[in-house]
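Read through the structure below, which is laid out as structure tokens, and then see the notes.
The values are calculated or read from the model by the stated rules, or taken from the named source; none is laboratory data. What you see is a predicted model; the values in this text were computed from it and never measured. With ideal geometry, Cβ positions are generated from the backbone for all residues, glycine too; neighbour counts draw on all protein chains shown. When the accessible area is computed, the model is the full protein with side chains, heavy atoms only, and any ligands, DNA or RNA have been set aside. Shrake-Rupley method; radii C 1.70, N 1.55, O 1.52, S 1.80 Å.
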Amino acid sequence: MLEVKALRVSDGDFTLSADFALPQGSLTVVIGPSGGGKSTLLSAIAGFLGSDAGQMLWGGVAFGGADPGARPVSILFQDNNLFPHLTAALNVGLALNPRLALSSQDRAKIADALTQVGLSGMGDRLPATLSGGQQGRVALARILVSQRPVVLMDEPFAALGPGQRQEMMALVRGVLCAAGKTVLMVTHDPQDAAGADYVIALADGRADTPISAARFAAAPPERLAGYFRK
């Protein structure tokens, strides 16, 4: 379980507060207006921003004082973080060995991960030869082979069309969550919430308690009413 307990984070004049717990293998969408604190929340969990108060725990073990590289966390941004000079397979392999000294077992894991995200036989392709959706699948495959159980996503599918977004959301649930990874994804699109387990409304620096996606669809939080009317 990912626990964020009484967290308070300051970034300049902005202050974020959050308190929630998310079960292992779940997909949670964080939604709200620009400037509300969504990226600040991810940055705090990833370790890019320090916290003023509170705790962050995975499996009951606190990690809030650890350096970003020592946290049980992977993060995916909109640009997918792919290296253009490396093949799809080698981009995935970075999660297993940053020096790319890959064993035959590693290469088998990479091939299996690419197959799971629908890129079987495409491991030798460079990112520039792949579509935006395919590049996103490479990034998901890299997260899949990593040993880090918490996955943070900062609007990773914003540049994709509606159909591709739905496909990628289904992959996140069917591949990453099915492998036991806990996913926390920032989005501006309310439709992304339909494919999630939970939704966290975040506005004015305050993260609400997670609610089910069905409850969110039936009755969005009143304080986001103005945001949805825009």
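Restrict the check to the range 156-175 and report whether at least one residue is within 22 Å of residue 36 (Cβ to Cβ), modelled with pLDDT under 85, surrounded by fewer than 16 Cβ atoms within 10 Å (Cβ to Cβ) and hydrophobic (A, V, I, L, M, F, W, C). Yes, because at least one residue in the range 156-175 is within 22 Å of residue 36 (Cβ to Cβ), modelled with pLDDT under 85, surrounded by fewer than 16 Cβ atoms within 10 Å (Cβ to Cβ) and hydrophobic (A, V, I, L, M, F, W, C). Would it be correct to say that residue 54 is at positive phi and open to solvent by 20 Å² or more (accessible area, probe 1.4 Å)? Here the answer is yes, as residue 54 does meet what is asked. If you go through the range 170-187 one residue at a time, do you hit one that is assigned to a strand (DSSP E or B) and either of a type in the set (Phe, Trp, Tyr) or more than 15 Å from residue 21 (Cα to Cα) (or both)? Checking the range 170-187: at least one residue is assigned to a strand (DSSP E or B) and either of a type in the set (Phe, Trp, Tyr) or more than 15 Å from residue 21 (Cα to Cα) (or both). Among the residues making up the range 10-32, those that are more than 15 Å from residue 42 (Cβ to Cβ) and of a type in the set (Asp, Glu) are 13, 19. Taken residue by residue, the range 144-152 has at least one member that is of a type in the set (A, V, I, L, M), under 16 Å from residue 114 (Cα atoms) and either modelled with pLDDT under 90 or in contact with a helix residue (DSSP H, G or I) (Cβ under 7 Å, 6 or more places away or on another chain) (or both). Exactly one residue out of 111, 95 is out of contact with any Phe, Trp or Tyr (no Cβ under 6 Å at 6 or more places or on another chain), of a type outside the set (Asp, Glu), modelled with pLDDT of 95 or more and open to solvent by less than 70 Å² (accessible area, probe 1.4 Å), and it is 111. Taking every residue in the range 67-92 that is closer than 23 Å to residue 108 by Cα and pairing it with any residue that is of a type in the set (S, T, N, Q) and part of a loop (DSSP other than H, G, I, E, B), at least 6 positions away or on another chain, the pairs with Cβ-Cβ distances below 7 Å are 74/146. Report yes if residue 78 is modelled with pLDDT of 95 or more, part of a loop (DSSP other than H, G, I, E, B) and not aliphatic (A, V, I, L, M), otherwise no. Against the criterion (modelled with pLDDT of 95 or more, part of a loop (DSSP other than H, G, I, E, B) and not aliphatic (A, V, I, L, M)), residue 78 does not qualify.
Scanning the range 127-146 turns up no residue that is closer than 30 Å to residue 56 by Cβ, open to solvent by 50 Å² or more (accessible area, probe 1.4 Å) and in contact (Cβ under 8 Å) with a residue 12 or more places away in the chain. Summed over the range 6-45, the residues that are open to solvent by 50 Å² or more (accessible area, probe 1.4 Å) and in a loop (DSSP other than H, G, I, E, B) give a count of 5. So which residues in the range 1-27 are among the small types (Gly, Ala, Ser) and within 19 Å of the chain's Cα centre (by Cα)? Matches in the range 1-27: 18, 21, 25, 26.
Pick out the one residue from 187, 209 that is open to solvent by less than 10 Å² (accessible area, probe 1.4 Å), of a type outside the set (A, V, I, L, M, F, W, C) and out of contact with any helix residue (DSSP H, G or I) (no Cβ under 6 Å at 6 or more places or on another chain).
Just a single option satisfies the conditions, and that option is 187.
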